[in-house]
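Asks: I'd like to ask you about the structure that follows.
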Amino acid sequence: MKTLPVFIIALLVALFAFTTQAGELKPYNGKPLPDFSLQDLKGKKHSLSDYKGKVVLLNFWATWCPPCVKEMPSMQRLQDKYQDQDFEILAVNMGEDSTTIEIFLQKMSVNFPVLLDSDGAILKQWKIFAFPTTFLIDKEGNITYALFGGLEWDSPEAVVVVEELIQQ
Amino acid sequence: MHRLILILLILLPSLSHASETRLVTLPSGDEMTLRIVNARESENQLLLGFPCDQGMREVELHLSESIASQGVDVWMADLLGSHFLPAQPSSMRGLTGEEVLTVIEDAYEHSGKQVYLITAGFGAIPVLRGAKAWVDKYQGTAQEQALGGVILLYPELHASEPEPGVDLEYLPIADQTSVPVYILQPELTPARWWLDQLKAHLESGGAKVTIDILPKVRGYFFLRPNATAHEKSVSQVLPRIVVNALHRMNAEQE
């Protein structure tokens, strides 16, 4: 894929101001949040720190949350777009059992890791008060953007932001 | 003639309650409409309802009638409508609670019953402020006990919209409540994970806090046009859930 020069990307980021019809991707101004380890549906452990060196889209969601469900196909499209690049999506499910999630994923085919925060421990550490909540984490492990609400993740506005982080 | 009257009495729907409206003059001079749904054979408690930030809706009026059918008088006060405020959280944050105090006083004066308050969502803000105003005004008097407690459905007491990754800031009233509080919290809400924190804030003001999780339902479940079959079922029994909460609070005071 031919990529834009970084300065052009930065300009586009500023011009679009991170807004979409659904939510607003804002620069993150909070404190650093802790590393964590969670299992996926197959029992494999994933630590956030395992993904250092990649841009991570960390999404907190639930099957009963309509905006969460609505944005998930666009997350998969974003994953597909950057599948050969330093980019990963981690979707942390909030407190639901494996069966409920498995049934949901039969209708919503995704190939990024779905992690289980069964007791809400990570939700509390990361101060999640609404679903969906998404963080964009750069290759150094720094939280750069945060969003409360759904988004079309393959919209031009969102892609510009993700592209900039990947190219850093 | 007697036969005609008999036929009319048979055809009339069997009413478990009678309903009326009354105007209450607020300190601001505005008038608030109080919708009164009294049970035919009522208990010694009165449930004073304040609609949530979504405003007064038919659903809440139907709920009040269902509760009244179980022997509890329900009076509904339209907080937002009386001030011509839009149905949104910021409207609730702006209410001082003085109108709630006025309505509590009116309810107690006209009924002589122990009053319990009920609301949902951001309605918790003016309702708890009004409860505090009642305690501040009548503390140490016999009248203080006339306010039995508050039932809150999925209360929202944060000072501003939450930010991802940032500690939630609660309004001061979360730490200034001393009346008993009964929380009914839908399981399928992010807030259910933060109930221990909310409970700690409320208890810091002296409130005795009871929490019941409503399984497998979302916030505002009984107002949702896209309610699931389960949510509709829980909505059907919500009046009973509310009455049980009221009875539990009442029993703990005896």
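The numbers here are math on the coordinates, done by the rules we state, and not lab data. None of these values were measured; they are calculated from a predicted model. Here Cβ is always computed from backbone atoms with ideal geometry, including for glycine, and neighbour counts include all displayed protein chains.
Asks: Assigning unit charges at the beta carbon (Lys, Arg +1; Asp, Glu -1) and nothing else, what dipole magnitude in debye, to the nearest 20, does the range B:62-148 show about its Cα centre?
Replies: Around 300 debye, computed over the range B:62-148.
Asks: Would you work out which of B:Val166, B:Leu128, B:Tyr154 lies farthest towards the positive end of the dipole of the range B:120-180? Charges go on Cβ: Lys and Arg +1, Asp and Glu -1.
Replies: Ranked along the dipole, the leading option is B:Leu128.
Asks: Another one. Just want to confirm a number: the relative contact order over chain B, from Cα pairs under 8 angstrom separated by 6+ residues, in percent.
Replies: Numbers: 460 pairs, mean separation 37.7, N = 254.
Reported as a whole number, the value is 15 percent.
Asks: Further question on the same structure: Highest GNM mean-square fluctuation, chain A, Cα pairs closer than 10 Å: which of A:Leu78, A:Leu41, A:Leu147?
Replies: A:Leu41
Asks: A follow-up question, please. Provide Rg and Dmax in Å for chain B, with only Cα atoms included in the calculation.
Replies: 18.5, 75
Asks: A follow-up question, please. Taking 7 Å along the Cα-to-C-beta vector as the label spot, tell me the A:Lys31-A:Arg77 distance in nanometres, rounded to one decimal.
Replies: 3.9 nm
Asks: Name the helices (complete DSSP H segments) of chain B with a Cα length along the long axis of 24 Å or more and a Kyte-Doolittle mean of at least 1.0, or state none.
Replies: None pass (Cα extent of 24 Å or more, hydropathy at least 1.0).
Asks: Using only the alpha-carbon atoms, how far is helix A:156-167 inclined from the longest principal axis of chain A? Give it as 0 to 90 degrees, nearest 10.
Replies: So the inclination is approximately 90 degrees.
Asks: Still on this structure, please answer the following. Quick one: dipole size for the protein assembly as shown, taken about the Cα centre, charges +1 on Lys/Arg Cβ and -1 on Asp/Glu Cβ, in debye to the nearest 20.
Replies: Approximately 720 debye in magnitude.
Asks: Something else about it: Whole angstrom only: what separates the Cα centroid of the range A:129-156 from the Cα centroid of the range B:201-229?
Replies: The distance from the Cα centre of the range A:129-156 to that of the range B:201-229 comes to 28 Å.
Asks: Then there is this: Indicate, rounded to the nearest 5 percent, the antiparallel portion of the DSSP beta bridges found entirely in the range A:22-152.
Replies: Expressed as a percentage, antiparallel bridges in the range A:22-152 total about 60.
Asks: Based on the Kirkwood radius over alpha-carbon pairs, what value in µm²/s does the Stokes-Einstein equation return for the translational diffusion coefficient of the protein assembly as shown at 4 °C and 1.567 mPa s?
Replies: 54 µm²/s
Asks: Further question: With a bin width of 10 angstrom, please list the P(r) values of chain A as percents of all Cα-Cα pairs, from the 0 bin to the one holding the largest distance.
Replies: P(r) for chain A, in whole percents per bin: 10, 42, 38, 10, 1.
Asks: For B:Gln88 and A:Val110, FRET efficiency with R0 = 45 Å and r from the beta-carbon atoms, rounded to 0.05?
Replies: Plugging the Cβ-Cβ distance into 1/(1 + (r/R0)^6) gives 0.85.
Asks: Tell me the net charge near B:Ala39. Cut-off is 13 Å between Cβ atoms, B:Ala39 excluded, with +1 for each Lys or Arg and -1 for each Asp or Glu.
Replies: My count for the surroundings of B:Ala39 gives -2.
Asks: Please compute the modelled spin-label separation between B:Arg240 and B:Thr141, points set 7 Å along Cα→Cβ, answer in nm with one decimal.
Replies: Label at B:Thr141, label at B:Arg240, 4.0 nm between them.
Asks: Who wins for biggest fluctuation among A:Phe112, A:Phe87, A:Phe131 in a Gaussian network model of chain A, springs between alpha carbons below 10 Å?
Replies: Taking springs between Cα atoms under 10 Å, the residue moving most is A:Phe112.
Asks: Would you mind getting me the FRET efficiency between A:Ser118 and A:Lys70? Use the beta-carbon distance for r and R0 = 30 Å, nearest 0.05. Could the numbers behind the result be given before it?
Replies: On the way: r = 24 Å, r/R0 = 0.80.
FRET efficiency, A:Ser118 to A:Lys70: 0.80.
Asks: Would you mind working out the magnitude of the charge dipole of chain A relative to its Cα centre, with +1 at each Lys and Arg C-beta and -1 at each Asp and Glu C-beta, to the nearest 20 Debye?
Replies: Working: 15 positive and 21 negative charges, 26 e Å.
With only Lys, Arg, Asp and Glu charged at Cβ, the dipole is about 120 debye.
Asks: Looking at chain A as a GNM with Cα springs under 10 Å, which of A:Pro67, A:Pro32, A:Pro113 has the largest mean-square fluctuation?
Replies: A:Pro32
Asks: Take peptide A:120-127, look around each residue's Cβ out to 10 angstrom, count Cβ atoms belonging to other protein chains, and average those counts.
Replies: Working: counts 4, 1, 0, 3, 4, 1, 2, 8.
Across A:120-127, the average partner-chain Cβ count within 10 Å equals 3.
Asks: With each label point set 7 Å from Cα along the Cα-Cβ vector, what nm distance links B:Asp175 and B:Ala251?
Replies: Once both label points are built, they end up 3.5 nm from each other.
Asks: How many Cβ atoms of partner chains, on average, are near each residue of A:58-68 if near means within 10 Å of its Cβ?
Replies: Per residue, the number of nearby Cβ atoms from other chains is 2 on average.
Asks: Please report the spacing between the Cα centers of the range B:64-113 and the range B:134-154 in Å, no decimals.
Replies: 14 Å
Asks: Then there is this: Would you work out the relative contact order for the range A:22-152, in percent, from Cα pairs under 8 angstrom that are 6 or more residues apart?
Replies: 39 percent
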